[in-house]
Amino acid sequence: MKEETMNRLVEALKEKAGTECDIELKETRKNNGTMPQGILIKKHGEPVSTNIYIDSMIGRIEKCNITIQDAADEIFSIYTENQDGGKLAGAVRSLDKEGILKKVVYQVIGKERNTGMLESVPYKELLDLAAVYRVVMDENSGETVSFLLTNALCGTYGIDSEELEHAARRNTEMRGFEITAFSSVLEEKIGIPKETLEAELPSMYIVSNAAGTNGAAVMLYWKYFDKLAHELQSDLYILPSSIHEVIAVPAVGTGGPAGLRDMVREINAGGNIADDEILSDSVYFYSLKEGVLCVA
């Protein structure tokens, strides 16, 4: 039933678009093996396609909330908006090699959960994680507009692994990272004084970037953990909160990594984090003495 609905939707779109576009169904492999269904629309002569996810729309069709034709009109309207003024499509069309290298940054993801996706993208290994490369087009409007750099795109623009790595390290470092005490976050949200919270709660520190997007890339920049470890005069356990942030806790008084690992796994399995934003089930250890990050 779903497949038939999707095929009818594609046919309705082809009729609406005429001969100026190629239109096809495409299942997109995202983080952690999630596979949302989309429709790929590419205008003849354009280097960039528009991928519009349709899972929720198919559900509306099957519940008779909208017709096939209504859905085709809606999808084509989204596509037209992207062509005329969409942030990503318009910006990508103007990119060249230099533009990509100015905007590329790291995104850290779980390696095991993303083995399929890693076959088609450049990446570097980091313990049981992988750092892939995203091109950030806009972060100034309250949302981050970016796309994942693939092997095919690197080939198209003539970008080799060495210059890609150099650019991503530089750009991610320039964006910077922030260490925020969890008690400060709670004070702002619930109004209880930080001093009261610190007396009641274990020490925890959220580490991310200013945008709060893909902040787990800090795992590649150990100097932030080193600074916190020296301030606390303690080794650290690093908990992978999501691909957007990690949580650092002093190793003293935690009782070891086993309980922390159980907690991370429970949170990841409990539906509190979107499937494509889960980073890892591991707990990491930063040694103050040796200045080394490893899996605990």
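The values are calculated or read from the model by the stated rules, or taken from the named source; none is laboratory data. All values derive from a computational prediction rather than experimental measurement. Virtual Cβ from ideal backbone geometry, glycine too; neighbours counted across all protein chains shown. Accessible surface areas use protein heavy atoms only, side chains included; no ligands, DNA or RNA. Shrake-Rupley method; radii C 1.70, N 1.55, O 1.52, S 1.80 Å.
Just the Cα atoms of segment 236-296, one point each, no solvent: what log10 I(q)/I(0) does Debye give at q = 0.13, 0.20, 0.22 Å⁻¹?
-0.33, -0.72, -0.85
From a point 7 Å beyond the Cα of Arg265 in the direction of its Cβ, which residues of segment 274-296 have a backbone N at a distance under 13 Å?
Inside the label zone: 281-283.
Need one value: the accessible area of Ile78 in square angstrom, 1.4 angstrom probe, rounded to the nearest 10.
Result for Ile78: roughly 60 Å² accessible.
Over 25 Å between Cα atoms, which of Lys14/Lys63; Lys42/Lys124; Lys97/Lys227 qualify?
Numbers: Lys14/Lys63 23 Å; Lys42/Lys124 31 Å; Lys97/Lys227 35 Å.
Too far apart for the 25 Å limit: Lys42/Lys124; Lys97/Lys227.
Counting other C-beta atoms within 10 Å, and keeping those with at most 14, which DSSP coil GluC sites (Glu not before Pro) do you find in segment 236-296?
Numbers: sites: Glu245, Glu266, Glu277, Glu290; in loops: Glu290.
Within segment 236-296, the qualifying GluC sites (Glu not before Pro) (loop, at most 14 other Cβ atoms within 10 Å) are Glu290.
List the trypsin sites (Lys or Arg not before Pro) within segment 204-296 that fall in a DSSP loop (any state other than H, G, I, E or B) and whose Cβ has at most 11 other Cβ atoms within 10 Å.
Values: sites: Lys223, Lys227, Arg261, Arg265, Lys289; in loops: Lys289.
Of the trypsin sites (Lys or Arg not before Pro), the ones in loops of segment 204-296 whose Cβ has at most 11 other Cβ atoms within 10 Å are Lys289.
Once amide H atoms are placed 1.01 Å from N in the peptide plane, what residues at a sequence separation of 5 or more from Glu24, or on another chain, have their amide H within under 5 Å of its amide H?
Leu40
Among 119-127, 165-173, 209-217, how do they line up by average Cβ neighbours within 10 Å per residue, starting with the highest?
Ranking the peptides 119-127, 165-173, 209-217 by packing returns 209-217, 165-173, 119-127.
Could you rank Met174, Met6, Met263 by how accessible they are, 1.4 Å probe, largest area first?
Working: Met174 145, Met6 20, Met263 80 Å².
Order by accessible area, largest first: Met174, Met263, Met6.
Show me, for segment 277-294, the HN-Hα J-couplings you get by feeding each phi into the Karplus relation (A = 6.51, B = -1.76, C = 1.60, θ = phi - 60°), rounded to Hz, glycine and proline as x.
Rounded to whole hertz, the list is 10, 5, 8, 6, 8, 7, 10, 10, 10, 10, 8, 4, 5, 8, x, 10, 9, 8.
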